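S.K.: Pasting a structure here, questions to come.
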Amino acid sequence: MQFRFIKFIFTFYLLFLFSYSFGQKEHNIWYFGDKAGIDFNTSPPTPLLDGNNYSTEISAVQSDDNGNLLFYVGVDSLTYFYSTVWDKHHNKMPNGDSIDCNYSVTQGLLILPMDNYGRCFYLFSIGQESIPSSPRAIMTLEYSIIDMTANGGLGTVTQKNKILYGDIV
């Protein structure tokens, strides 16, 4: 009987403890089309109007563990077949232009960490390559690598548009 009571108290304590824990804030800032964004680090969330993303569908944002913006990716003009990587000051990252993308893919960009320290990130993109003298195209899955230790901590795209897979559509 006493063991059941101790087990109940222990379980209740763990549930109570975890109910007050908070997740990481790596996705608390969003940037999307028409230079708009939103910051969920505040309550209520704060609208942002300082972005450079003109895209109507594709975008990706990465923040650090504390919710501070590291970089974001999206289309910067009417050239819908390329996206750009911007640093936290909304400047283009070195080598961060001309990332292959397809503006009409809803989830066409994805950022994943390469390590547990937030130093390097993969940027996956869905690209489209035209076939000369053909109405068909090749849809590609590509990756780029962003190194946040370069450029004084503002980041640099060290590799870009590396094709992982391609298929004729």
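S.K.: Tell me, please, whether a residue that is open to solvent by 50 Å² or more (accessible area, probe 1.4 Å) and among the small types (G, A, S) can be found in segment 111-127. It would help to see each step written out before you state the result.
M.R.: Taking segment 111-127 first, the residues open to solvent by 50 Å² or more (accessible area, probe 1.4 Å) are 112-114, 116-117, 119, 122.
In the following step, the residues that additionally are among the small types (G, A, S) were identified as none.
Checking segment 111-127: not a single residue is open to solvent by 50 Å² or more (accessible area, probe 1.4 Å) and among the small types (G, A, S).
S.K.: Taking segment 132-169 as the search range and keeping residues that are of a type in the set (V, I, T), closer than 25 Å to D87 by Cα and in contact with a Leu (Cβ under 9 Å, 6 or more places away or on another chain), which one is most open to solvent (accessible area, probe 1.4 Å)?
M.R.: Looking only at segment 132-169, we keep the residues that are of a type in the set (V, I, T), and these are 138, 140, 145-146, 149, 156-158, 163, 168-169.
The next check asks that each one be closer than 25 Å to D87 by Cα; those that pass are 145-146, 149, 156-158, 163.
Next, from what is left, pick out any that are in contact with a Leu (Cβ under 9 Å, 6 or more places away or on another chain): 145-146, 157, 163.
On the way: I145: 20, I146: 1, V157: 3, I163: 102 Å².
The residue in question is I163.
S.K.: Related question: Has segment 38-58 got any residue that is within 15 Å of Q107 (Cα to Cα), modelled with pLDDT of 85 or more and of a type in the set (S, T, Y)?
M.R.: No - not one qualifying residue is present in segment 38-58.
S.K.: While we're here: Just checking, does segment 44-52 include any residue being touching a residue at least 60 places away in the same chain (Cβ under 8 Å) and of a type outside the set (S, T, N, Q)? Reasoning before the result, please.
M.R.: The initial filter retains those residues of segment 44-52 that are touching a residue at least 60 places away in the same chain (Cβ under 8 Å), namely none.
No: zero hits.
S.K.: Looking at segment 82-99, is at least one residue of a type in the set (F, W, Y), within 28 Å of I138 (Cα to Cα), open to solvent by less than 50 Å² (accessible area, probe 1.4 Å) and at pLDDT 90 or above? Spell out how you get there, then give the answer.
M.R.: Residues of segment 82-99 that are of a type in the set (F, W, Y), as a first pass: 82, 86.
Now narrow it down to the ones that are within 28 Å of I138 (Cα to Cα): 82, 86.
In the following step, the residues that additionally are open to solvent by less than 50 Å² (accessible area, probe 1.4 Å) were identified as 86.
From the residues that got through so far, the ones that are at pLDDT 90 or above too are 86.
Looking for residues that are of a type in the set (F, W, Y), within 28 Å of I138 (Cα to Cα), open to solvent by less than 50 Å² (accessible area, probe 1.4 Å) and at pLDDT 90 or above, one finds at least one in segment 82-99, hence yes.
S.K.: Follow-up. Find the residue count for segment 95-112, including only residues that are touching a residue at least 60 places away in the same chain (Cβ under 8 Å) and in contact with a Cys (Cβ under 8 Å, 6 or more places away or on another chain). Even if it seems obvious, please write down each step before you answer.
M.R.: Just the residues of segment 95-112 that are touching a residue at least 60 places away in the same chain (Cβ under 8 Å), to begin with: 95-96, 98-100.
Within this subset, residues satisfying the condition of being in contact with a Cys (Cβ under 8 Å, 6 or more places away or on another chain) are none.
The number of residues fulfilling the criteria is 0.
S.K.: Check off (1) farther than 27 Å from T42 by Cβ; (2) under 14 Å from the mean Cα position of the chain (by Cα) for I138 and give me the number that stays unchecked.
M.R.: Every condition holds for I138 apart from (2).
S.K.: Now for a different question. Please identify the pairs in which a residue from segment 113-128 that is farther than 17 Å from D64 by Cβ and among the hydrophobic types (A, V, I, L, M, F, W, C) has its Cβ atom under 6 Å from the Cβ atom of a residue that is open to solvent by 70 Å² or more (accessible area, probe 1.4 Å) and assigned to a strand (DSSP E or B), counting only partners at least 6 apart or on another chain.
M.R.: F124/L110
The values are calculated or read from the model by the stated rules, or taken from the named source; none is laboratory data. Please read all numbers here as calculations on a predicted model, not as lab measurements. Note that we place each Cβ from the backbone using ideal geometry, even for glycine, and neighbour counts take in every protein chain shown. Only protein heavy atoms, including side chains, enter the accessible area calculation; ligands, DNA and RNA are left aside. Shrake-Rupley method; radii C 1.70, N 1.55, O 1.52, S 1.80 Å.
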